[in-house]
Amino acid sequence: MNVAVIGAGSWGTALANLLVGRGHTVKIWAREPEVVDSINTQHENTLFLPRFSLEDGLLAHGDISNVLHQADLVLSACPSHAVREIATQMASELEAHSPLIVSVSKGLETETLKPMTDVLQEVLPGKRVVALSGPSFADEVCKRYPTTVVAASVDSAAAEAVQLAMVSEYFRIYTSTDPLGVQLGGALKNVIAIASGLLDGLGLGYNSKAALITRGLAEIARLGQALGCDAMTFAGLAGMGDLILTAFGPQSRNRSLGQELASGRSLDEILKERVTVAEGVRTTRAAVRLGEKMGVELPIAMEVERILFEGKEPRQALRDLMERGLKPENWS
């Protein structure tokens, strides 16, 4: 297949490299000229995925039209806040043909509260769109460590086409017909990962971490069920699996952001020093707004929002969570 990868961050680069290894012809678009240059001349993404040798056949371009020309499969790997803008640039080039679109961005659009597949279908009407999500650090995919993810679409044939195009001996893909649930799991776990980093930064051990992950998953599932998602989605790779990885993994940008916040640094100070995106920051606000819209209580997300944007002291936020009214354990 001819594959266009839009977005050369760490995850887009890792998947582009995987697709070249599967025998596809792959072009990757990068906004940054230095990324285009380093991929083409050094076979390495020195800015976003340093120290990993990339396949010789991977070609990077700064011209998005060149990358999209005659693509059979388009992988959208931009940060969630940029997806609508970049998809709008893609629209005229894709108007004449109908490639399969795969979204791998993990977030919700802050203004509309929509998942990325909805944004893509709105900007690119008539195109088949599949969400790909699950527990997957980019560097471990580049190391060919065994990884399992989910391809989700209401069009089961489209999900199966992505499964066949991307599966390898170290990258296993399951299919799902619950794209909203898969994307909610992938987006909201970043909010809980920030909270997990806060606990780590405060040195509060594993009891608190286990409680956070369990009740965090309950929040995600509660909101998902209110939106009509399959509850079992959140017990799978895109829910519990991705949450465990991001809450514990040392490579997690959201967890490390929480750790830095716990040390007393401000959000602005932390973000100014980063070249990569911690999706959980924007997603926290979107999640709380979505919960309010649906009448679903999200106490952990609400406290994370107060820490991020109102300067609330993390230990006070934890006390407020622990002292909430007593209730039975359930998903409500």
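The values are calculated or read from the model by the stated rules, or taken from the named source; none is laboratory data. Fair warning: this is a prediction, and the values are worked out from it, not measured in the lab. No Cβ is skipped: glycine too gets one built from the backbone with ideal geometry, and neighbour counts run over all protein chains shown.
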Unique match (being touching a Leu at 6+ places or on another chain (Cβ under 8 Å), surrounded by 23 or more Cβ atoms within 10 Å (Cβ to Cβ) and free of Cβ contacts under 8 Å to residues at least 60 places away in the same chain) among Asn17, Asn45, Asn40: Asn45
Take Asp72 and tell me if it is assigned by TED's automatic domain parsing to the domain that holds Gly107, without any contact (Cβ under 8 Å) to a residue 24 or more places away in the chain and among the charged types (D, E, K, R). no
Please determine whether any residue of the stretch 208-231 is within 19 Å of Val104 (Cα to Cα) and either touching a strand residue (DSSP E or B) at 6+ places or on another chain (Cβ under 6 Å) or of a type in the set (Ser, Thr, Tyr) (or both). no
Odd one out for Gly185 among (1) under 27 Å from Glu297 (Cα atoms); (2) surrounded by fewer than 18 Cβ atoms within 10 Å (Cβ to Cβ); (3) in contact with a Phe, Trp or Tyr (Cβ under 8 Å, 6 or more places away or on another chain): (2)
Looking only at the stretch 53-101, which residues are among the charged types (D, E, K, R), under 25 Å from Thr276 (Cβ atoms) and touching a helix residue (DSSP H, G or I) at 6+ places or on another chain (Cβ under 8 Å)? Glu55, Arg84
State the number of residues belonging to the stretch 287-299 that are surrounded by 23 or more Cβ atoms within 10 Å (Cβ to Cβ) and assigned to a helix (DSSP H, G or I). 1
Suppose we filter the stretch 289-332 for residues that are small (Gly, Ala, Ser), closer than 18 Å to Leu257 by Cβ and over 22 Å from the mean Cα position of the chain (by Cα); how many remain? 2
Is it the case, given these coordinates, that Arg31 is within 21 Å of the chain's Cα centre (by Cα) and either over 21 Å from Ala158 (Cβ atoms) or surrounded by fewer than 21 Cβ atoms within 10 Å (Cβ to Cβ) (or both)? yes
Which residues, taken from the stretch 228-268, are surrounded by 17 or more Cβ atoms within 10 Å (Cβ to Cβ) and basic (Lys, Arg)? Arg253, Arg255
Is at least one residue of the stretch 29-47 within 21 Å of Pro179 (Cβ to Cβ), out of contact with any Gly (no Cβ under 7 Å at 6 or more places or on another chain), in the same structural domain as Gln163 (by TED's automatic domain parsing) and not in a helix (DSSP H, G or I)? no
